[in-house]
Amino acid sequence: MVTVQEVFQLAVEMDMIHLAHRIFWAIANGRVKIDEDSRRLETIDYDDEAITVMATENKLQIGKINLYVAETSNPDRFAFYYSENVLDAHILHQNLFGETPKRLTNASHLLTKLFHFVDTNAANILYFHRKKVVAYPYYLGHARAGERVLTRT
């Protein structure tokens, strides 16, 4: 059995803002308990207007940390950062490497991809790796263009 809490946690981890707020609304309004079977979520009459307002205001603060990729002065080498905003990623890159990135791009579409981390000899999907990070902005490592192998330089 998959519980309501497990579905809620996954929705939060995967930045599924509307689904997470929908489940949160159901829990907060006593329509479901967190330890119930998640199939119970399919039987609830939801207040879609209230849920849309909650999701628009992002009451659960989901999706605040993005993935940014900095094009470096080294051809075909890119630095990867978790950060709330592009400015913090830019400043961290300058502080770590003493260079201004040629370009810094929001690459959150790559969060669902599996990357290999050379330093730890482990592979992880960036969404799930992000959960292990305590403070932001955070430098993940460098990768060559088109590759999903991160090395910390």
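When restricted to residues that are closer than 27 Å to ILE125 by Cα, part of a helix (DSSP H, G or I), of a type outside the set (D, E, K, R) and open to solvent by less than 80 Å² (accessible area, probe 1.4 Å), the range 6-40 contains 11. Among the residues of the range 44-52, are any free of Cβ contacts under 8 Å to residues at least 24 places away in the same chain, outside any helix (DSSP H, G or I) and of a type in the set (A, V, I, L, M)? Yes, there is a match, as at least one residue in the range 44-52 is free of Cβ contacts under 8 Å to residues at least 24 places away in the same chain, outside any helix (DSSP H, G or I) and of a type in the set (A, V, I, L, M).
Table: residues versus (1) hydrophobic (A, V, I, L, M, F, W, C); (2) assigned to a loop (DSSP other than H, G, I, E, B); (3) open to solvent by 70 Å² or more (accessible area, probe 1.4 Å); (4) within 30 Å of VAL12 (Cβ to Cβ).
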position: ALA70; (1), (2), (3), (4): yes, no, no, yes
position: ASN74; (1), (2), (3), (4): no, yes, yes, no
position: ALA79; (1), (2), (3), (4): yes, no, no, yes
position: LEU87; (1), (2), (3), (4): yes, no, yes, yes
position: HIS93; (1), (2), (3), (4): no, no, no, yes
position: LEU96; (1), (2), (3), (4): yes, no, yes, yes
position: THR105; (1), (2), (3), (4): no, no, no, yes
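Within the range 121-132, if we keep just the residues that are at pLDDT below 90 and either open to solvent by 100 Å² or more (accessible area, probe 1.4 Å) or more than 9 Å from the chain's Cα centre (by Cα) (or both), the residue that is farthest from ASP15 (Cα to Cα) turns out to be LYS132. With respect to the conditions (1) at pLDDT below 95; (2) touching a Lys or Arg at 6+ places or on another chain (Cβ under 6 Å); (3) surrounded by 14 or more Cβ atoms within 10 Å (Cβ to Cβ); (4) not hydroxyl-bearing (Ser, Thr, Tyr), GLY141 lacks only one, and its number is (1).
The values are calculated or read from the model by the stated rules, or taken from the named source; none is laboratory data. Here the structure is a predicted model, which means the values were calculated and not measured. Glycine also receives a Cβ, built like all others from the backbone with ideal geometry; neighbour counts cover every protein chain displayed. Please note that ligands, DNA and RNA were not included when accessible areas were found on the heavy atoms of the full protein model with its side chains. Shrake-Rupley method; radii C 1.70, N 1.55, O 1.52, S 1.80 Å.
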